[in-house]
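The structure appears below as structure tokens.
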Amino acid sequence: MSAYPPDIAYRELTINDFCSLRELGQQCLPLPYPDSYWMRIASDTSTHYSLGAYNQQRKLVGAVGVIRCVRDYFTVKLLNVEEQKLINTHKKVCYITTLIVAPEYRKIGIATQLLQRAMTVLLQEGSQLIYLHVLHTNIPAIRLYEKMGYEKVAGIADYYTINGEPQAGLIYCRRLAKPVCYECLMAGGSTCAIS
């Protein structure tokens, strides 16, 4: 399988990636998450799909973690009303728990590759919709999601607490359909089916 950008390899995460994943998360995210969060992403393949991006030195430089089926993982009635609507109107919905790329590896296509590869696997598993939360001020992430066909569903006031301050979160979602190759995505197309 060819990798874009060059010299980056992709593989599913394992429990052996836990420490590297946690360190990358601490480096990339503005709020702390408990070890159990990172452990589930790295090792619980029954509930999570997770993929890592590795440089030539085999260092983890990017990762995506996705809950395979929200209905099986969360108590739906306890979620935000907009999330409930998404989950209740689709047979199988998955949720992106994290998408992180080391600062020195950003803007070279790693996040796009991680998302595209994850969406392809989840579509093959029968998922119909994927959604996520993003900090309202994270403009680079919002642009990436919109470029990849995600649509804003709702805003949630005070969803995050960063440095003791409440911050709004946004819900974005995308219906899963035919996968699109990286080159066609960059060219603005959305009809190229990956074979």
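The values are calculated or read from the model by the stated rules, or taken from the named source; none is laboratory data. Because the structure is a prediction, the values reported are computed rather than measured. Note that each Cβ is placed from the backbone with ideal geometry, even for glycine, and that neighbours are counted across all protein chains shown.
All conditions but one from (1) assigned to a helix (DSSP H, G or I); (2) touching a helix residue (DSSP H, G or I) at 6+ places or on another chain (Cβ under 6 Å) apply to R117; the one that does not is (2).
So that you can scan it fast, the table gives a plain yes or no per residue for (1) touching a Gly at 6+ places or on another chain (Cβ under 8 Å); (2) free of Cβ contacts under 8 Å to residues at least 40 places away in the same chain:
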site	(1), (2)
V134	yes, yes
N138	no, yes
A141	no, no
G149	no, no
A154	no, no
T161	no, no
L170	yes, yes
C173	no, no
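Here are some residues: L79, L144. Which one is under 15 Å from R174 (Cα atoms), aliphatic (A, V, I, L, M) and surrounded by fewer than 21 Cβ atoms within 10 Å (Cβ to Cβ)? Break it down into steps so the answer makes sense when it comes.
Numbers: L79 fails: under 15 Å from R174 (Cα atoms).
Selected residue: L144, the only one of L79, L144 that is under 15 Å from R174 (Cα atoms), aliphatic (A, V, I, L, M) and surrounded by fewer than 21 Cβ atoms within 10 Å (Cβ to Cβ).
Cβ-Cβ contacts under 9 Å between residues 6 or more apart (or on different chains), taken from a first residue in segment 10-31 that is surrounded by 14 or more Cβ atoms within 10 Å (Cβ to Cβ) to a second residue that is basic (K, R) and assigned to a loop (DSSP other than H, G, I, E, B), are listed as S20/K59. Just one of the numbered conditions (1) outside any loop (DSSP other than H, G, I, E, B); (2) within 27 Å of E12 (Cβ to Cβ); (3) touching a residue at least 60 places away in the same chain (Cβ under 8 Å) is not true of I108: (1). Would you say L86 is aliphatic (A, V, I, L, M) and modelled with pLDDT under 95? Judged against the criteria, L86 is a match. Of the candidates L99, L170, L132, L122, the single residue that is assigned to a helix (DSSP H, G or I), within 28 Å of Q84 (Cα to Cα) and modelled with pLDDT of 95 or more is L122.
The criterion of at least 2 residues that are hydrophobic (A, V, I, L, M, F, W, C) is met, among strands (runs of 3 or more DSSP E) falling completely within segment 1-90, by 48-54, 60-67.
Residues checked against (1) out of contact with any Lys or Arg (no Cβ under 9 Å at 6 or more places or on another chain); (2) charged (D, E, K, R); (3) exposed (fewer than 15 other Cβ atoms within 10 Å of the Cβ); (4) modelled with pLDDT under 95:
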site	(1), (2), (3), (4)
P34	yes, no, yes, no
Y37	no, no, no, no
A42	no, no, no, no
K59	yes, yes, yes, no
G65	no, no, no, no
